[in-house]
Amino acid sequence: MRVWLRQDAPPSWQRRCTVPTILDPYRDHLEARWQAGCRNAAELARGLIRAGADIRPRVVRDWAMRRRRASTDVMDATPGSMTAPPWRPPSVNRTAWLLQADPSTLVADDRRFLDRLRVEAPDLAKSAAVATRFADLVRRRSGESLEAWFAAAAATPLAKFAVALERDRDALRGTITTPWSTSSVEGQISRLKMLKRTMFGRAGFALLRQRALTTI
């Protein structure tokens, strides 16, 4: 603290030296492929592995994420225009949200991004369409049969998800065809979880039971 007080400026939290990583020998190669237009981390990793690099795809994926966030890309600039607004690719979570959002509520850049993404990744587009159909089936009672949805999901990367759902087919059918809901039960479960967490490590089941009964 005294060292900081004697300085004329607030301390800098930047690293003073660069820590070597396993990716260092391949940075020039990755940067060259990035500039050439290859932005798929999985493809970049496969290229390094085919060249004999002993490296995990996760390392390349982390590098691609940092590289993507460090620069701005101009997306689909209008022909003939000299300037275009900078655009940053969305995160994975935001991309998942965009794929499920109502297109009429999205701004122009997001809609163009989704249009391009569906063209470049047809399997992703097909999976997103099947996921949207499932949301309409469960939330809005679209009327589509479960059998039709399971058949559509079997031909997409959502096949494993569909197989897991088939184990509870009767419960899923009840969710769609009956007006009943577990909302009130979920509320009581959340209340019990809150009580349990406030007592964590300080009391046993007897006190939890007593508190639960007195707060009804």
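Observations, loosely collected:
- Selection of the range 171-204 for residues being within 16 Å of Glu144 (Cα to Cα) and without any contact (Cβ under 8 Å) to a residue 24 or more places away in the chain yields Gly174, Thr177, Thr178.
- Subset of the range 160-188 that is modelled with pLDDT of 85 or more and of a type in the set (A, V, I, L, M) - its residue that is surrounded by the fewest Cβ atoms within 10 Å (Cβ to Cβ): Ala164
- Matching residues, the range 173-192, being polar (S, T, N, Q) and under 14 Å from Val138 (Cβ atoms): Thr175, Thr177, Thr178, Ser181, Thr182
The values are calculated or read from the model by the stated rules, or taken from the named source; none is laboratory data. Note that the coordinates shown come from a computational prediction; the quantities given were computed from them, not determined experimentally. Every residue, glycine among them, receives a Cβ derived from its backbone with ideal geometry; neighbour counts consider all protein chains shown.
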